[in-house]
Amino acid sequence: MTRITQYASRTTQWLAGGVTLALVFVALLAPLPALNAAPQERQLTINASRFAFEPGTVRVNRGDTVVINLESSDVVHGLYIDGYEIRTQAEPGQPGRLSFVADRDGAFHFRCAIPCGNLHPFMIGKLVVGPNLTWLRAVAASLLVAAGALVAFWRA
Ligand SMILES: [Cu+2]
């Protein structure tokens, strides 16, 4: 090996190492919309009153087991989740409960399932099921580290 190819090979090695490290940092530090690691049980309380749900939007990670406690503060309300086709209902003092695994990505409307007044059709909330980004990032970081190690080994 001439001195120049030796130099070139060492430079490539440093570059590969640097790029790998940078990618690992990007994978780990990019802004996280949700800080939850593995799929977990999420207990959510949603309050229903004419003619809204509070909170109106709930976010979970795909794979989470979601338990919704529905409370009503005025009349009988229902909660039906589009796409998951499940429902519960509640009246004051008698909360409803719903449990499911959020196994589908996307945004799903949930709506009141029991006529509760003139604005009942507009009583709608949103369930957002996102990918488990923390988990994906951990996997990506591990793969990159493994790839970096392989490159270093192959170059040595
Ligand atoms: Cu209603």
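The values are calculated or read from the model by the stated rules, or taken from the named source; none is laboratory data. Predicted model only: the values in this text are computed from it and were never measured. We place every Cβ from the backbone using ideal geometry, glycine too, and count neighbours over all the protein chains shown.
Among the residues of the range 117-124, are any without any contact (Cβ under 8 Å) to a residue 40 or more places away in the chain, assigned to a loop (DSSP other than H, G, I, E, B) and under 14 Å from Phe51 (Cβ atoms)? Checked against the condition, which is being without any contact (Cβ under 8 Å) to a residue 40 or more places away in the chain, assigned to a loop (DSSP other than H, G, I, E, B) and under 14 Å from Phe51 (Cβ atoms), the range 117-124 yields at least one hit.
Going by the conditions given, is Phe100 assigned to a strand (DSSP E or B), away from the ligand (no atom under 16 Å from the Cβ), in contact with a strand residue (DSSP E or B) (Cβ under 9 Å, 6 or more places away or on another chain) and of a type outside the set (A, V, I, L, M)? So Phe100 passes the test.
Summed over the range 42-62, residues that are farther than 11 Å from Gly125 by Cα and either surrounded by fewer than 16 Cβ atoms within 10 Å (Cβ to Cβ) or among the hydrophobic types (A, V, I, L, M, F, W, C) (or both) total 4. Scan the range 127-141 and report the pairs whose first residue is surrounded by fewer than 16 Cβ atoms within 10 Å (Cβ to Cβ) and whose second residue is modelled with pLDDT of 80 or more and acidic (Asp, Glu), with Cβ atoms within less than 8 Å and a gap of 6+ or a chain change. From residues that are surrounded by fewer than 16 Cβ atoms within 10 Å (Cβ to Cβ), the pairs are Pro131/Asp105. Residues in the range 115-134 that are within 16 Å of the ligand (Cβ to nearest atom) and touching a Leu at 6+ places or on another chain (Cβ under 9 Å): 1 in all.
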